[in-house]
Amino acid sequence: MQDSPTRLVLRRPDDWHVHLRDGAMLKAVAPATARVFARAIVMPNLKPPVTTVDQARAYRSRIKEAVPADARFEPLMTAYLTDHLDPSELERGFAEGVFTAAKLYPANATTNSAAGVSDLSRISKVLERMEAIDMPLLIHGEVTDRDVDVFDREAAFIETHLIPLRERYPALRIVLEHITTAQAVDYIRDANLAGDSRLAATITPHHLHLNRNAMFMGGLRSDFYCLPVVKRECHRRALVKAATSGLPCFFLGTDSAPHPRSGKESACGCAGIFNALHALESYAAVFAQEEALDHLQGFASEHGPRFYGLPLNDETITLVKRDQIVPRRLESTPVMPLEDTGLEASEWPVLFHAGETLGWSVNVDGQEETN
Ligand code: DOR
Ligand code: ZN
């Protein structure tokens, strides 16, 4: 990596957690991810969820059709675990290179998770098989018990489910997705420092930027509502420290999750933040603030592939220290030609960092400057 105050050349990054949706929304958002990231772990929480090899293969084709023809982008597919998923289907998908991993949503934990797992004991055969074939398990780590405070659900999940799960399946490779608490940071870091390289965590840009005050600043701000919900400032600080630490157990996963304004602003607003358009710049702002830009390449481009056992990308991408104003509302641009997607303007996703100025801009090497 060539480090200077004004330009940063990075190995091309990957996004290890993204929601690309389907249909017109897929066409709208996929180009933003494919422009910057070489690969992305695509979440399977569609309606209906992606539970079979055939569904994943078909979805992968739709994603490839939704990105520009010259995009060098590889979607990595995941299987949505349910109480009834057949371990052989999972193994076949993994062996055929269709499934890269499987995603565990505790039933009703978040958007489109009603078909998720109601009790971990119901998927013991699946977990045994995944451990045996070394297939990564990606976890939405929140308990769904209504008696547990929404801000405590991640910490409770670690104690109640994750610790016993790791004891039961010690060789299972696990990613705790979009961590939000100091408890999660400590748990993952301690395991890593103790020599366990089978446990890792993704960290989103929004959890690095926001604490829970953001959701209530002068009124109720659904733009900043996601799951797991953003936490107190001390937790945000712990996440920033973890992401910028250089430790290989923490890596980039945007959890970019598009919702239209009508979905965000309703009596029961949707959880999710669409950040794909400026994700790398958003991370860069945090690393720059921490004077840790020398650790950005590890976090964005190296720790993830190493965990998944995949090759590092050879291409590069350049971050230029140049202000860019994020529009207040998404606009149709060459990067996201929304006019061509069939999506009504009222359905265009609500944008993260709307109206803010980010100090960095991405130049994709080999592409014309678009910012
Ligand atoms: O905020 C979130 N949005 N968290 C999730 O776990 C799901 C995601 C979505 O699909 O909208
Ligand atoms: Zn997600």
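Being more than 16 Å from ligand 1 (Cβ to nearest atom), touching a residue at least 40 places away in the same chain (Cβ under 8 Å) and not polar (S, T, N, Q): is that true of Gly97 here?
Spelling it out, it is not the case that Gly97 is more than 16 Å from ligand 1 (Cβ to nearest atom), touching a residue at least 40 places away in the same chain (Cβ under 8 Å) and not polar (S, T, N, Q).
Mind checking whether some residue in region 311-320 is within 27 Å of Arg198 (Cβ to Cβ) and within 16 Å of ligand 2 (Cβ to nearest atom)?
no
Kindly state which strands (runs of 3 or more DSSP E) lie completely within region 30-124 and contain at least 2 residues that are within 22 Å of Glu154 (Cβ to Cβ).
So the answer is 74-80, 99-104.
Could you count how many residues in region 140-188 are away from ligand 1 (no atom under 16 Å from the Cβ), closer than 17 Å to Leu104 by Cβ and β-branched (Val, Ile, Thr)?
The number of residues fulfilling the criteria is 5.
How do the pairs read when you match residues in region 110-126 that are among the acidic types (Asp, Glu) with residues anywhere that are away from ligand 2 (no atom under 16 Å from the Cβ), using Cβ under 9 Å and keeping only pairs 6 or more apart or on different chains?
Asp119/Asp83
Would you pick out the residues in region 263-289 that are in contact (Cβ under 8 Å) with a residue 60 or more places away in the chain, more than 19 Å from Glu177 (Cα to Cα) and either in contact with a Lys or Arg (Cβ under 7 Å, 6 or more places away or on another chain) or within 14 Å of ligand 1 (Cβ to nearest atom) (or both)?
The answer is Lys264, and nothing else.
Among (1) within 19 Å of the chain's Cα centre (by Cα); (2) aliphatic (A, V, I, L, M); (3) away from ligand 1 (no atom under 16 Å from the Cβ), where does Ala132 come up short?
Only one criterion in (1) within 19 Å of the chain's Cα centre (by Cα); (2) aliphatic (A, V, I, L, M); (3) away from ligand 1 (no atom under 16 Å from the Cβ) is unmet by Ala132, namely (1).
One residue is enough: does region 327-344 have a residue meeting the conditions under 30 Å from Phe94 (Cβ atoms) and either surrounded by 23 or more Cβ atoms within 10 Å (Cβ to Cβ) or of a type in the set (A, V, I, L, M, F, W, C) (or both)?
no
May I ask you to list pairs of residues, at least six apart or on different chains, whose Cβ atoms are under 8 Å apart, with the first in region 176-191 being on the phi < 0 side of the Ramachandran plot and the second being polar (S, T, N, Q) and more than 16 Å from ligand 2 (Cβ to nearest atom)?
Arg189/Ser245
Which residue is farthest from Ile179 (Cα to Cα), if the candidates are limited to region 98-133 and must be among the charged types (D, E, K, R) and surrounded by fewer than 16 Cβ atoms within 10 Å (Cβ to Cβ)?
Lys125
Bear in mind that the values in this text are calculations on the coordinates, not laboratory data. Just so it is clear, the model here is predicted, and its values are computed rather than measured. As a convention, Cβ positions derive from the backbone with ideal geometry for all residues, glycine included, and neighbour counts pool all protein chains shown.
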